[in-house]
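There's a structure below that I have some questions on.
Bear in mind these aren't lab numbers, they're just calculated from the coordinates by the rules spelled out. The structure displayed is predicted, hence computed values, not measured ones. Here Cβ is always computed from backbone atoms with ideal geometry, including for glycine, and neighbour counts include all displayed protein chains.
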Ligand SMILES: NC(=O)c1ccc[n+]([C@@H]2O[C@H](COP(=O)([O-])OP(=O)(O)OC[C@H]3O[C@@H](n4cnc5c(N)ncnc54)[C@H](OP(=O)(O)O)[C@@H]3O)[C@@H](O)[C@H]2O)c1
């Protein structure tokens, strides 16, 4: 199978590209990163006019996995026009070009399409974004499914795990903060359904081979506050849990942009991919650090 993976220099795209390249003909897409992963990569700015058409002409794929994005909430708030270009126009163009060639597209959206007032959101729950990032993701979802109803929109919850030297995750940001400040301040009252990047890669691999379309929620089975997740990370990494300082998300200067509870229901994921084993994040994180200890 020929697979185009955009965002190949990002946290999730690098993981996905490296695994898929073992079994498929993969072309990754990078934009500004100098350091490139160890599989074929095209350097393309997807916001440039005609970029998607040229890319798919030179590498006609069976499926496109679109991981490229402006993925940080505060960066999108600061640069809303650029966020719209990267997060909405680029996936729309890519989806139209893929559809014109009979290729499906898997688009990664986000739990940030929800207001966070309720939690345990399902695919049927009405979205209501609280920030620019969430709005761009919601508009892109519509554009991607309008281009081809066979496309799949995977709404990811918070993805944890060690990076492969590309992008950064919650895991690395928290460990970095503990290294710099001796502690990390994490919210006790903001909840997500964190999932490990290995589970995301497994799910995406299954989805490329399945006839599944429309919106699918992909999160872990546990609803955790950021502080609980931080403590789980500390235990997994062999760091004292006291390094986590508990704070309220209401203490954040832009708290109104942060949804309180964007945890997911897991019904469709379990129904469509019953063989996908999503282990608790602490178990997966412990495996990350056990590997590191073995390597040392
Ligand atoms: N990580 C999470 O916890 C999480 C949660 C929910 C949803 N998601 C979604 O999952 C997807 C992947 O997230 P991630 O964490 O892997 O993102 P990331 O680490 O921030 O990576 C972003 C990628 O997008 C590429 N990119 C940015 N602008 C581009 C442009 N104009 N043209 C081409 N490529 C461009 C970057 O390339 P260069 O670095 O080469 O410029 C980079 O490879 C995103 O859609 C994100 O919104 C992630």
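Among the numbered conditions (1) within 12 Å of the ligand (Cβ to nearest atom); (2) surrounded by fewer than 18 Cβ atoms within 10 Å (Cβ to Cβ); (3) over 19 Å from the mean Cα position of the chain (by Cα), tell me where residue 53 comes up short.
Tallying (1) within 12 Å of the ligand (Cβ to nearest atom); (2) surrounded by fewer than 18 Cβ atoms within 10 Å (Cβ to Cβ); (3) over 19 Å from the mean Cα position of the chain (by Cα), residue 53 fails exactly one: (1).
Quick one: is residue 268 surrounded by 15 or more Cβ atoms within 10 Å (Cβ to Cβ) and out of contact with any helix residue (DSSP H, G or I) (no Cβ under 8 Å at 6 or more places or on another chain)? Quick ask: steps written out before the conclusion?
On the way: surrounded by 15 or more Cβ atoms within 10 Å (Cβ to Cβ): yes; out of contact with any helix residue (DSSP H, G or I) (no Cβ under 8 Å at 6 or more places or on another chain): yes.
Answer is yes for this residue.
Inside segment 17-40, can you point out the residues that are closer than 21 Å to residue 104 by Cα, in contact with a strand residue (DSSP E or B) (Cβ under 6 Å, 6 or more places away or on another chain) and more than 9 Å from the ligand (Cβ to nearest atom)? Full working, then the answer.
At the first step, the residues of segment 17-40 found to be closer than 21 Å to residue 104 by Cα are 17-30, 40.
Add one more test, that the residue is in contact with a strand residue (DSSP E or B) (Cβ under 6 Å, 6 or more places away or on another chain), and what stays is 17, 20, 24-30, 40.
Hits for segment 17-40 are 17, 20, 24, 25, 26, 27, 40.
Another question, if that's okay. Scan segment 112-127 residue by residue and report those that are under 19 Å from the mean Cα position of the chain (by Cα) and farther than 19 Å from residue 67 by Cβ.
114, 115, 116, 119, 120, 121, 122, 123, 127
When you go through (1) in contact with a helix residue (DSSP H, G or I) (Cβ under 9 Å, 6 or more places away or on another chain); (2) surrounded by fewer than 17 Cβ atoms within 10 Å (Cβ to Cβ) one by one for residue 117, which number turns out not to apply?
(1)
May I ask you to list the residues in segment 62-84 that are within 11 Å of the ligand (Cβ to nearest atom) and within 18 Å of the chain's Cα centre (by Cα)?
Answer for segment 62-84, where residues must be within 11 Å of the ligand (Cβ to nearest atom) and within 18 Å of the chain's Cα centre (by Cα): 65, 66, 67, 68, 69, 70, 71, 72, 73, 75, 76, 83.
How many residues, within segment 95-109, are out of contact with any strand residue (DSSP E or B) (no Cβ under 6 Å at 6 or more places or on another chain) and within 15 Å of the ligand (Cβ to nearest atom)?
Of the residues in that region, 1 qualify.
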